[in-house]
1. For the stretch B:5-32, give me each residue that is within 16 Å of residue B:73 (Cβ to Cβ) and charged (D, E, K, R).
2. Can you confirm whether residue C:87 is surrounded by fewer than 23 Cβ atoms within 10 Å (Cβ to Cβ) and within 12 Å of chain B (Cβ to nearest Cβ)?
3. Might you check whether a residue that is in contact (Cβ under 8 Å) with a residue 12 or more places away in the chain, touching a Gly at 6+ places or on another chain (Cβ under 8 Å) and within 21 Å of residue B:64 (Cα to Cα) occurs anywhere in the stretch D:14-25?
4. Across the stretch B:47-82, what is the number of residues that are open to solvent by 30 Å² or more (accessible area, probe 1.4 Å) and either farther than 10 Å from residue B:3 by Cβ or more than 7 Å from every other protein chain (Cβ to nearest Cβ) (or both)?
5. Does any residue in the stretch C:31-52 that is more than 14 Å from residue B:37 (Cβ to Cβ) come within less than 6 Å, Cβ to Cβ, of a residue that is open to solvent by 20 Å² or more (accessible area, probe 1.4 Å) and small (Gly, Ala, Ser) six or more places away or on a different chain, and which pairs are these?
6. (1) touching a Pro at 6+ places or on another chain (Cβ under 6 Å); (2) under 20 Å from residue C:56 (Cα atoms); (3) not in a strand (DSSP E or B): which one isn't true of residue D:63, the others all being true?
7. Which of the residues that make up the stretch D:11-36 are open to solvent by 10 Å² or more (accessible area, probe 1.4 Å) and part of a strand (DSSP E or B)?
Protein chains: 4
Amino acid sequence: MKAIVDLTIIPIGTGISLSNFVVACQKILIDAGLKTELHANGTNIEGEWDVVFAAVKKCHETVHAMGAPRIFTTVHVGTRTDRDQTMDDKIRSVKSKL
Amino acid sequence: MKAIVDLTIIPIGTGISLSNFVVACQKILIDAGLKTELHANGTNIEGEWDVVFAAVKKCHETVHAMGAPRIFTTVHVGTRTDRDQTMDDKIRSVKSKL
Amino acid sequence: MKAIVDLTIIPIGTGISLSNFVVACQKILIDAGLKTELHANGTNIEGEWDVVFAAVKKCHETVHAMGAPRIFTTVHVGTRTDRDQTMDDKIRSVKSKL
Amino acid sequence: MKAIVDLTIIPIGTGISLSNFVVACQKILIDAGLKTELHANGTNIEGEWDVVFAAVKKCHETVHAMGAPRIFTTVHVGTRTDRDQTMDDKIRSVKSKL
């Protein structure tokens, strides 16, 4: 089952700057072979369900190991069975009508 | 790694009523042995990371099998390493100060 | 337009305990005359759109004034025009089928 | 108070394709003079709190008027008082460390 995911990880109790944690997580996603698109409020990910969620778990483990005692994460997950759709398809579909 | 999760599953393309799908997913979570609390906008879940996310995946597979061609799901995930905390602890901590 | 909302406010850069901030926000929602239900991962709110979002804004202003330099908030918003539905209706609709 | 927002609008009960609704909402945001960045799972928005949320409300009203009887929307909101930060700053801050 393929999933298109939007991931936002918020480390809590480690100060106000979060970018080092986002970078660490970004590297995990890329190392997992996932297609990713960083945006201003998170990272879009396209891939097989199990690969995506194994990487999300590794992000939590890594951010904790980097010193964050608490993490709040939001994950938006889209799956569909009617047809194959990529992240690029989704954006193109809207932009073509704008 | 223990996680406290808030799960909201939105089947798309199956009409306006979603409760049958929510019920099916609720049963999956309970069958997985997870502690759950249904609320007006989703279901709170407490359990081991792998058990929780295996159940979330099964929810997607089941809701698709029930006829939803597309699903949009939001998952809020909290983990912490400083101490053990249950869903009840979280609510009690706020209510004691109200 | 009536809205059923799920609100989760995460103050960033103020340490690991968030309950004092949640309490302050909870009081704002109640003072605004909104129906609220605290749960383990946020607060469900039922009310008129403008009243709800004025209260959410006041939560941000208050949490900043309490010392949080940065806030990340998630809001889930449900509206419908086909019929009137309360938070209790939503829960009852699922529980009756479980 | 300036906000950086991630908006995802899911019309329910109108079939499987959502792009016409996303386009309508996108036009509302642009007409409101807001800075927007469409991405695969939503739209990032930068602007004054009141302008952003007035536009989000107008999106709901418009999507209902287009025929969606039910809408589920997620909004991620970031505010900060320690410094001014744009959406571009946030992306640059991560990319510079990758």
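1. Scanning the stretch B:5-32 gives a single hit, B:6.
2. Taking the combined requirement at face value, the residue satisfies it.
3. Yes, the stretch D:14-25 contains at least one residue that is in contact (Cβ under 8 Å) with a residue 12 or more places away in the chain, touching a Gly at 6+ places or on another chain (Cβ under 8 Å) and within 21 Å of residue B:64 (Cα to Cα).
4. So the count comes out to 14.
5. Within 6 Å, the pairs are C:51/C:32.
6. (2)
7. The answer is D:35, D:36.
The values are calculated or read from the model by the stated rules, or taken from the named source; none is laboratory data. Please read all numbers here as calculations on a predicted model, not as lab measurements. All Cβ positions, glycine included, derive from the backbone under ideal geometry; neighbour counts span all protein chains shown. Only protein heavy atoms, including side chains, enter the accessible area calculation; ligands, DNA and RNA are left aside. Shrake-Rupley method; radii C 1.70, N 1.55, O 1.52, S 1.80 Å.
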